[in-house]
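Enquirer: Can you keep this structure in mind? I'll have questions shortly.
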Amino acid sequence: MEVERVKKLAREEEKAQSRIIQGIPEECLAKAIGLTSPADACRAAAVSTAFRSAADLDAVWTRFLPPDCDAVLERAVHLVDAPSKKELFIDLSNEHVVLDDGKMSFGLERSNGAKCYMLSASELVIEWMHENLYWTRRTDPDSRFSKVAELLSVCWLHIYGTINSRELTPATHYAAYLVFKLTHDASGLSSPRQTSFVKVGGGPCLQSCRPSSTSGGASSSLLVG
């Protein structure tokens, strides 16, 4: 009997709290949720129907999208069409959109909505890139870009890439990755030792460097302050 009484009291308290939440204007809930994070907004949607209704509003997810998101998407190769701001955020955090006639791609960091970019091989300055003896351009089904650069043979490897800092999200720590895929007969990347650095505004801005590998590919990363 005591257990049943406790369960009944818990249900009554839950109903009372639900009535209180239902009495809060949806705009107030939306404003409060918009001050949190995308993950918190998704968690809030599971609290009650009132929270779910508020958490799905465009007013909430507009706060998580970059202020210039519409301007960036105007540069997309293909039209980006989402039924809501929440769906747009989810789409951009799941898959990059190709911009500027295939020169780069754009997406969002799922945790905070920070802007992420990838430069295509055509936007990189690569030593001896136009020498057919050393490099070739070809398609790759695993790439989001129409062409990739394939290294055939070279005695040293110099790759440079730049991006305007205005494209990035302010007050955000970024990591710069060199993403590549190895062929079955690849060799020479471990010797001599690889060196990489990042400059911001003409001065070096490097915290750490680490190599990493994933299934079917590899990357090197730099944490930029």
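Enquirer: Condition (residue is free of Cβ contacts under 8 Å to residues at least 40 places away in the same chain, under 30 Å from ALA55 (Cβ atoms), within 15 Å of the chain's Cα centre (by Cα) and surrounded by fewer than 15 Cβ atoms within 10 Å (Cβ to Cβ)) applied to region 90-107: is it met by at least one residue?
Expert: yes
Enquirer: List pairs: first residue in region 49-70 and under 17 Å from ILE90 (Cβ atoms), second residue charged (D, E, K, R) anywhere in the structure, Cβ distance under 6 angstrom, at least six positions apart or on different chains.
Expert: Correct list of pairs: ASP56/LYS86; ASP58/LYS85; TRP61/LYS85; TRP61/LYS86; THR62/LYS85; PRO66/LYS115.
Enquirer: Next up: Within region 63-95, can you find the residues that are farther than 14 Å from LYS115 by Cα and touching a Gly at 6+ places or on another chain (Cβ under 8 Å)?
Expert: VAL77
Enquirer: I would also like to ask the following. For region 62-89, give me each residue that is surrounded by 17 or more Cβ atoms within 10 Å (Cβ to Cβ) and either in contact with a Pro (Cβ under 7 Å, 6 or more places away or on another chain) or not in a loop (DSSP other than H, G, I, E, B) (or both).
Expert: ARG63, PHE64, CYS69, VAL72, LEU73, LYS85, LYS86, LEU88, PHE89
Enquirer: Do we find that ASN112 is within 13 Å of the chain's Cα centre (by Cα) and without any contact (Cβ under 8 Å) to a residue 60 or more places away in the chain in this structure?
Expert: Details: within 13 Å of the chain's Cα centre (by Cα): yes; without any contact (Cβ under 8 Å) to a residue 60 or more places away in the chain: no.
No: the conditions fail for ASN112.
Enquirer: Looking at region 100-174, what strands (runs of 3 or more DSSP E) fall wholly within it and have at least 1 residues that are closer than 23 Å to ILE90 by Cα and at pLDDT 95 or above?
Expert: Those strands (runs of 3 or more DSSP E) span 104-108, 115-119.
The values are calculated or read from the model by the stated rules, or taken from the named source; none is laboratory data. A quick note: this is a predicted structure, and the numbers were derived from the prediction, not measured. Reconstructed Cβ throughout: ideal geometry from the backbone, glycine too, with neighbour counts over all protein chains shown.
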